[in-house]
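Q: Dropping the structure in here first, questions after.
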There are 2 protein chains.
Amino acid sequence: MTLVTDPTAPRIALIGATGAVGSTLIELIEERGLRYRELYLVASSRSAGRQIPVGGQTHEVRSLEDFDFGLVDIAFFSAGTSVSRAWVPAAVAKGALVIDNTRAYRMDPDTPLVVPQINYAVLDRPPGSGVIANPNCSTIPLVRVLQPVERRWGIRQVVVSTYQAASGQGHQGIEELLEGTEVALRDPDADLPSERFSPPLAFNVVPFVDELQDSGFTLEEQKMVQESRKILGLPDLDVTATCVRVPVVNSHSEAVWVQTQEPVDRAELVGLLSRQTEVTVHDAENRAAFPTPLKAGHPDHVHVGRVRVSPHNPRGFWLWLVSDNLRVGAALNAVQIAEYALARGFLSGGVR
Amino acid sequence: MTLVTDPTAPRIALIGATGAVGSTLIELIEERGLRYRELYLVASSRSAGRQIPVGGQTHEVRSLEDFDFGLVDIAFFSAGTSVSRAWVPAAVAKGALVIDNTRAYRMDPDTPLVVPQINYAVLDRPPGSGVIANPNCSTIPLVRVLQPVERRWGIRQVVVSTYQAASGQGHQGIEELLEGTEVALRDPDADLPSERFSPPLAFNVVPFVDELQDSGFTLEEQKMVQESRKILGLPDLDVTATCVRVPVVNSHSEAVWVQTQEPVDRAELVGLLSRQTEVTVHDAENRAAFPTPLKAGHPDHVHVGRVRVSPHNPRGFWLWLVSDNLRVGAALNAVQIAEYALARGFLSGGVR
Ligand SMILES: NC(=O)c1ccc[n+]([C@@H]2O[C@H](COP(=O)([O-])OP(=O)(O)OC[C@H]3O[C@@H](n4cnc5c(N)ncnc54)[C@H](OP(=O)(O)O)[C@@H]3O)[C@@H](O)[C@H]2O)c1
Ligand SMILES: NC(=O)c1ccc[n+]([C@@H]2O[C@H](COP(=O)([O-])OP(=O)(O)OC[C@H]3O[C@@H](n4cnc5c(N)ncnc54)[C@H](OP(=O)(O)O)[C@@H]3O)[C@@H](O)[C@H]2O)c1
């Protein structure tokens, strides 16, 4: 039970509470005992009236259209970019601190883009826009390992290929993968469902995540570049990505090639990454140890494996990253932002 | 019907004829009308006696232990590296030209490593060892696109991440993926079969293909480096790879980042690659067009998509490659080697 009568605990709303990220937020609020005075679950009118238990109490889902943001101190938005664009201004105007999981405000200069383990210091002041942005799910694990490398050896270039799970497209993404897989197992020539993923994802890999940009890169690939630069405070960081969806239910993986200014010692690299907060390096005695989406370990850690310095070039190494995109890549990062903001005692309207 | 009485047509043996590569060889010999005077299908004693139709005739599978290589002019080996190590010397001693699909002879200095579209000229003389080696299935599509790039702009560095299909582990690899997927759909917590892939591949990605080397790289990753250098004749080519198995039945994909000496013009790059033999570039008017393992197009082509020159760096670009690992990556390359060798009129023992 994290419902408290303590008048300093915040009143919280979850916008998109019925979604993949929203339901993970509920899980984490319960697990971590995030204190609240009131908790409002908000979604579209389609879900209004649904009953969802949280911390032993039943909550009725409210429709966003009818919701009064004047009731809350913190509003977590995870209902899509267009919903954030339409409703965040109203929430801020009513004095709520918004923690936004979409890309709507990430690149806004007045909005901090935060990974608490990396750049919490940008939260020393309340955000000018009233919004704190949560980065993209592939960017978060990447910057978690890049920051210590930059500080120790200096980064020259980062080349990333992703292996992203179906849950990155929400509940419907997972359903489409599972349905498509069942259909394909029965009849390999059947037409597969293809609404969330096009072409279909079952027994396939799809090198295309989010919209195409004029540059020929996808928005997901561009986000990894721009967001990494902003979070790390390195506007010229040379990073490039190919983003690929794979037929995995949950947890994103990344193959990351890093070139550094100074030569890297493998043992030192393993030691350095192992000491980062909530990072697990799978190395041990056996270098064949590595994390996979199905079996990585603590769901709240960034998992690192296959640490290999190039035999020809001590300024180049590979990392293999696995992390839960719904937790580490979205909901956990958002909850940790809230925990930090609460610990610093700032909420744009104050806790009334 | 490609069985001919023409006394100049070769006598052919397929070692590993019942396997994934072997049965693809049979398909291709039929499709392409490769002429032979005799065709022997050879496998382990487990398969001896099986009847397999080829070109309208039924062939009985023979056991390798009892097979007399003196009967043949060309022997295709695709029964595993240890089988090639054990039996290729005997085949060569009996005067057969060996085309080997395994890694047993690829790095041998007296054995040419051949991708006919790229370096057929090394076949101007019969091979000193009596063996022509067929490269690894991920290396073949890579060198097919790298050679023209090297010639036009000069290559500084290549960084590859692979997305490799289950069929790379043969018939049993495909079966294990399909069985594991069925089990996982029924019960997500069930133990999945894990003989060919460890950890299991169903709804997972496994960043580990073939054995671990002292360097921390896998043998598959090392093969891509060493074989690319040998085929391209560039002993210092700076190429590095992470090789990953994905839950796809057939066809390997690769995300390839290339850095060049000279700045690259995207339209020229697309034009150049489009003109390569048996390469299809998916570009057209719509840059969102891209190949996937489930839908690429001609099964005998290397498919290229998502051609993107970096907006920050005209000396860097990405390619997405898809090719059928059993055909382009193995059996087709081997058949094309045989076609070339026959056209040049050399066979180590001559056509008797
Ligand atoms: N999945 C990830 O890994 C991930 C990671 C980082 C960020 N994000 C971002 O988080 C957001 C949600 O993603 P998700 O994966 O949780 O998607 P999801 O499972 O599809 O859930 C979408 C949620 O938004 C609600 N919603 C949709 N349209 C709405 C509207 N017009 N008004 C009010 N509520 C509406 C849905 O409510 P109903 O149930 O009523 O339809 C549902 O609660 C997206 O912007 C996504 O880009 C996702
Ligand atoms: N799959 C690919 O994409 C690919 C690509 C390039 C190269 N290769 C290489 O090609 C070889 C075959 O691969 P595959 O995928 O076709 O494997 P596979 O489906 O498992 O087939 C193996 C074949 O080898 C035979 N064999 C196994 N042990 C034998 C023995 N002791 N004596 C005689 N025959 C034996 C098997 O005969 P039985 O049926 O009697 O067991 C079967 O015909 C491997 O070396 C592999 O590395 C594969």
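The values are calculated or read from the model by the stated rules, or taken from the named source; none is laboratory data. Fair warning: this is a prediction, and the values are worked out from it, not measured in the lab. A quick note on method: Cβ atoms are made from the backbone with ideal geometry, for glycine too, and the neighbour counts reach across all protein chains shown. For accessibility, only protein heavy atoms count, side chains too; no ligands or nucleic acids. Shrake-Rupley method; radii C 1.70, N 1.55, O 1.52, S 1.80 Å.
Q: Testing B:His171 on (1) at pLDDT 95 or above; (2) facing another protein chain (nearest Cβ under 9 Å), one condition comes back false. Which one is that?
A: Condition (2) is where B:His171 drops out.
Q: Still on this structure, I have one more. What residue, of B:Glu211, B:Glu278, B:Glu221, B:Glu227, is assigned by TED's automatic domain parsing to the domain that holds B:Leu319 and touching a Cys at 6+ places or on another chain (Cβ under 9 Å)?
A: B:Glu221
Q: For region B:29-49, which positions are of a type in the set (Asp, Glu) and either crowded, with 21+ Cβ neighbours inside 10 Å or assigned to a strand (DSSP E or B) (or both)?
A: B:Glu38
Q: Quick one: which of A:Ile132, A:Ile99, A:Ile118 is away from ligand 1 (no atom under 15 Å from the Cβ) and touching a residue at least 24 places away in the same chain (Cβ under 8 Å)?
A: Criteria check complete, one pass: A:Ile118.
Q: Sticking with this one: Could you check, for region A:285-303, whether at least one of its residues is of a type in the set (D, E, K, R), modelled with pLDDT of 95 or more, more than 16 Å from ligand 2 (Cβ to nearest atom) and farther than 20 Å from A:His252 by Cβ?
A: no
Q: Could you check, for region A:288-301, whether at least one of its residues is touching a Gly at 6+ places or on another chain (Cβ under 6 Å), within 11 Å of chain B (Cβ to nearest Cβ) and outside any strand (DSSP E or B)?
A: yes
Q: Would you pick out the residues in region B:174-197 that are closer than 22 Å to B:Gly329 by Cβ and either polar (S, T, N, Q) or facing another protein chain (nearest Cβ under 9 Å) (or both)?
A: B:Leu177, B:Leu178
Q: Then there is this: Within region B:55-67, count every residue that is within 8 Å of ligand 2 (Cβ to nearest atom) and either of a type outside the set (S, T, N, Q) or open to solvent by 40 Å² or more (accessible area, probe 1.4 Å) (or both).
A: Result for region B:55-67: 3.
Q: Can you pull out the residues in region A:276-318 that are closer than 19 Å to B:Asp214 by Cα and among the hydroxyl-bearing types (Ser, Thr, Tyr)?
A: Scanning region A:276-318 gives a single hit, A:Ser310.
Q: I've got another one for you. Starting from residues that are among the hydroxyl-bearing types (Ser, Thr, Tyr) and within 18 Å of the chain's Cα centre (by Cα), keep the ones in region B:2-41 and report whichever is farthest from B:Val249 (Cα to Cα).
A: Looking at residues that are among the hydroxyl-bearing types (Ser, Thr, Tyr) and within 18 Å of the chain's Cα centre (by Cα), I get B:Thr18.
Q: Count, please, the residues in region A:302-311 that happen to be open to solvent by 10 Å² or more (accessible area, probe 1.4 Å) and more than 7 Å from chain B (Cβ to nearest Cβ).
A: The total comes to 1.
Q: Can you name the residue in region A:221-239 that is open to solvent by less than 10 Å² (accessible area, probe 1.4 Å) and within 26 Å of B:Asp283 (Cβ to Cβ) and, of all such residues, is farthest from the chain's Cα centre (by Cα)?
A: Per the criteria, the residue is A:Val239.
Q: Does at least one position in region A:68-76 carry a residue that is at pLDDT 95 or above, more than 21 Å from A:Tyr340 (Cα to Cα), among the aromatic types (Phe, Trp, Tyr) and open to solvent by 20 Å² or more (accessible area, probe 1.4 Å)?
A: The answer is no; no qualifying residue exists.
Q: May I ask you to say which residue of B:Tyr105, B:Tyr163 is touching a residue at least 40 places away in the same chain (Cβ under 8 Å), of a type in the set (Phe, Trp, Tyr) and not in a helix (DSSP H, G or I)?
A: Every option except B:Tyr163 fails the conditions.
Q: Look at B:Ile155 and say whether it is within 20 Å of B:Thr242 (Cβ to Cβ), of a type in the set (A, V, I, L, M) and not assigned by TED's automatic domain parsing to the domain that holds B:Ser84.
A: yes
Q: Report whether or not A:Ala13 is away from chain B (no Cβ under 14 Å), away from ligand 1 (no atom under 11 Å from the Cβ), over 24 Å from A:Pro299 (Cβ atoms) and assigned to a strand (DSSP E or B).
A: yes
Q: A further question on this structure: Limited to region B:206-222, what total is found for residues that are of a type in the set (A, V, I, L, M) and more than 9 Å from chain A (Cβ to nearest Cβ)?
A: 2
Q: Within region B:312-329, restricting attention to residues that are open to solvent by less than 10 Å² (accessible area, probe 1.4 Å) and away from chain A (no Cβ under 14 Å), which residue is farthest from the chain's Cα centre (by Cα)?
A: Filtering region B:312-329 for residues that are open to solvent by less than 10 Å² (accessible area, probe 1.4 Å) and away from chain A (no Cβ under 14 Å), the one farthest from the chain's Cα centre (by Cα) comes out as B:Val328.
Q: Mind checking which residues of region B:123-144 are farther than 30 Å from B:Tyr163 by Cβ and of a type in the set (A, V, I, L, M)?
A: B:Leu123, B:Val131
Q: While we're on this one: May I ask you to list the residues in region B:155-179 that are near ligand 2 (Cβ under 8 Å from one of its atoms) and open to solvent by less than 10 Å² (accessible area, probe 1.4 Å)?
A: Matches in region B:155-179: B:Ala165, B:Ser167, B:Gly173.
Q: Being within 14 Å of another protein chain (Cβ to nearest Cβ) and of a type in the set (D, E, K, R) is the filter here, so list the residues in region A:256-287 that pass it.
A: A:Asp265, A:Arg266, A:Asp283, A:Glu285, A:Arg287
Q: Within region A:180-209, take every residue that is under 25 Å from the mean Cα position of the chain (by Cα) and open to solvent by 40 Å² or more (accessible area, probe 1.4 Å) and give me the one that is nearest to ligand 2 (Cβ to nearest atom).
A: Step by step, filter region A:180-209, then rank; the result is A:Phe208.
Q: Of everything in region A:30-42 that's in contact with a helix residue (DSSP H, G or I) (Cβ under 7 Å, 6 or more places away or on another chain) and within 15 Å of ligand 1 (Cβ to nearest atom), which residue is nearest to the other protein chains (Cβ to nearest Cβ)?
A: Looking at the filtered set, the residue picked out is A:Val42.
Q: Within the group B:Ile12, B:Ile52, B:Ile26, which residue is in contact with a strand residue (DSSP E or B) (Cβ under 7 Å, 6 or more places away or on another chain), in contact (Cβ under 8 Å) with a residue 40 or more places away in the chain, of a type outside the set (Lys, Arg) and surrounded by 14 or more Cβ atoms within 10 Å (Cβ to Cβ)?
A: Every option except B:Ile12 fails the conditions.
Q: Right, here's the next one. Checking B:Glu179 against (1) under 23 Å from A:Trp318 (Cα atoms); (2) without any contact (Cβ under 8 Å) to a residue 60 or more places away in the chain, which single condition isn't satisfied?
A: With respect to (1) under 23 Å from A:Trp318 (Cα atoms); (2) without any contact (Cβ under 8 Å) to a residue 60 or more places away in the chain, B:Glu179 is out only on (1).
Q: Can you name the number of the only condition in (1) outside any helix (DSSP H, G or I); (2) assigned by TED's automatic domain parsing to the domain that holds A:Thr24; (3) surrounded by fewer than 24 Cβ atoms within 10 Å (Cβ to Cβ) that A:Ile99 fails?
A: Going through (1) outside any helix (DSSP H, G or I); (2) assigned by TED's automatic domain parsing to the domain that holds A:Thr24; (3) surrounded by fewer than 24 Cβ atoms within 10 Å (Cβ to Cβ) one by one, A:Ile99 breaks only (3).
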